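Read through the structure below, which is laid out as structure tokens, and then see the notes.
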Amino acid sequence: MKSIYYLALAIICLIIATGTISAQPFENNGWKNNPNLDFTEGGNFEDDFDADMMAEWWYLNGDTKLVGQNGEKKDFSFFVVLAHQEINETLQTNLGAEKPQSYMLSFNGLYFDGETEADFNFIDTNVSRENVTNYIAFGTPYVNYNYPDGSKSLTGNHLSGYHLDYETDRVDMDLYFQTNVDKTVDESVNSLNFTTYERSYGRLHGKITIDGVDYRVTQANGYMDHMIPSNNINHNYGELSWTTNMHGWSWSEVTTKNYQTIAYAVRGIDDGYDNYSYKHLTLLDKHTGKVLEEYSGNEIKINETNLIDTGYPDNTRSNNITRPETVTFSTSDSRLNVTITASQVAEFDYDPVSPFGKPVGFVDFMSHQPDGALIEYKGDRETGSAFYEYLVSDRVLW
């Protein structure tokens, strides 16, 4: 779930960001008075959800085929996350902040053709709360996110399309994502209070520069969502992050010739590794953008196999944290089965500590499967690509 997540307590580190690069105003492109405007696209503050804190990120992945200037062909896949976290200003002051801060961050996984390991990058900073609107558009029917150093931005909406300008040490992506699918929503109160708005399937075009060589995108599928977890602070337990409310989650997106599935599953504190308090599985016709099937709760069975020792300690058990290499989602009516294998895995160990001395981080495993992911729907079997994420909260160490 893209995770996202990465957003725990850095906002109280009291590091005041330097630099005052302002985001340029985003033109409305004729959207004014358009009845199709969607105000869930823009940014939010925590009080929009009657919460003490919230995290928010825009996630985009892509599975691309590239052609270089000399005709060289290359496969390249990626995910990017652009995020921020907001904590109530009064609470920040009570915790000793001289000036309320907004926490901004971005991270990505890059999956190169022929390379077995993903290239993972993470960057974060704090900006003063009064200046965060220089970098993020709030309360708007479009996203306009600009990381303060100018290296990463996402602008646009579902009417005009989205523009991603994203630079790392190896890659510079100048891409456009256009979608025509119906917006779908995942939303839960327990065990994680979150809302996710999904613009699930779309086409990507543009240019990607890899190791200084320019490539044109000739074919590419993309997925986008906008996720917002939030919670109120429990001072007795030091719950200053949404990650402390859950044991972890499983998220996936699978795209084949005719179909796409999105699966969200969240484990509560008492669920351990064997159960999921929240389960939701959606099947779309990627050509028409229409939802074909939607399942939730006990209508879904999750089977996780081929457990891998991650090497990360689990103090509640005698062994280490494990992650499944293979996961299957099946439905009670036997109409839909989805199987994913985690290959090319990027690992993210986020381990800040709250002012109350409690861990508030997580370990996240984010994989891309270039082919072989299975969607079986009413006897029709198709294989394609998948992005799959398995996260374990550090709350298990409490």
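We did not get these values from a lab; they are worked out from the coordinates using the rules stated. The model shown is predicted, which means the values in this text are computed figures rather than measured ones. We place every Cβ from the backbone using ideal geometry, glycine too, and count neighbours over all the protein chains shown.
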Using distinct alpha-carbon pairs, which all enter the 1/r mean, Kirkwood radius of segment 254-314 in Å
13.7
Please report Rg (one decimal) and Dmax (integer) in Å for the Cα set of segment 40-197.
17.6, 60
Please list, ordered by chain and number, the residues whose modelled amide H lies under 5 Å from the amide H of Asn193; skip anything fewer than 5 residues away on the same chain.
Ser230
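With N residues in segment 182-300, what two-decimal value do you get for its Cα radius of gyration over 2.2 N^0.38 Å?
Numbers: Rg = 17.7 Å, N = 119, 2.2 N^0.38 = 13.5 Å.
Rg over 2.2 N^0.38 Å, computed on Cα atoms: 1.31.
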³J(HN,Hα) computed for each position of segment 100-112 - Karplus, 6.51 cos²θ - 1.76 cosθ + 1.60, integer Hz, glycine/proline x:
x, 10, 10, 9, 10, 7, 8, 8, 7, x, 10, 10, 8
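Within 10 Å, count the other beta carbons around each residue, average over each peptide in 145-158, 174-187, and list them highest first. Walk me through the numbers before you get to the answer.
Numbers: 145-158: 20.1, 174-187: 17.3.
Going by the mean number of other Cβ atoms within 10 Å, highest first, we get 145-158, 174-187.
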Rounded to 0.05, the calculated FRET efficiency for the beta carbons of Asp349 and Asp270 at R₀ = 41 Å is 0.95
May I ask for the percentage of alpha-carbon pairs in segment 247-397 that lie more than 28 Å from each other?
22
Order the peptides 68-81, 278-291 from the highest to the lowest mean number of other Cβ atoms within 10 Å of their residues.
278-291, 68-81
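Pulled fully out, how much extra length does the chain show between Lys183 and Asp50, if you take 0.36 nm times their separation in residues and subtract their Cα-Cα distance? All intermediate terms of the calculation are to be shown ahead of the outcome.
Values: separation 133, 0.36 × 133 = 47.88 nm, distance 2.41 nm.
So the chain would gain 45.5 nm between Lys183 and Asp50.
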Who wins for biggest fluctuation among Ser102, Ser334, Ser385 in a Gaussian network model of the chain, springs between alpha carbons below 10 Å?
Ser334
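If you wrap the chain's Cα atoms in a convex hull and average its projection over all directions, what's the area in nm²? Mind dumping the intermediate values first?
Numbers: hull surface 77.6 nm².
That works out to 19.4 nm².
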Rel. contact order, % - alpha carbon contacts under 8 angstrom, at least six apart, the chain
15
Phi-based couplings in Hz for segment 287-304 (Karplus 6.51, -1.76, 1.60; Gly and Pro marked x)
7, 9, x, 8, 6, 8, 8, 9, 10, 8, x, 6, 6, 10, 10, 10, 10, 10
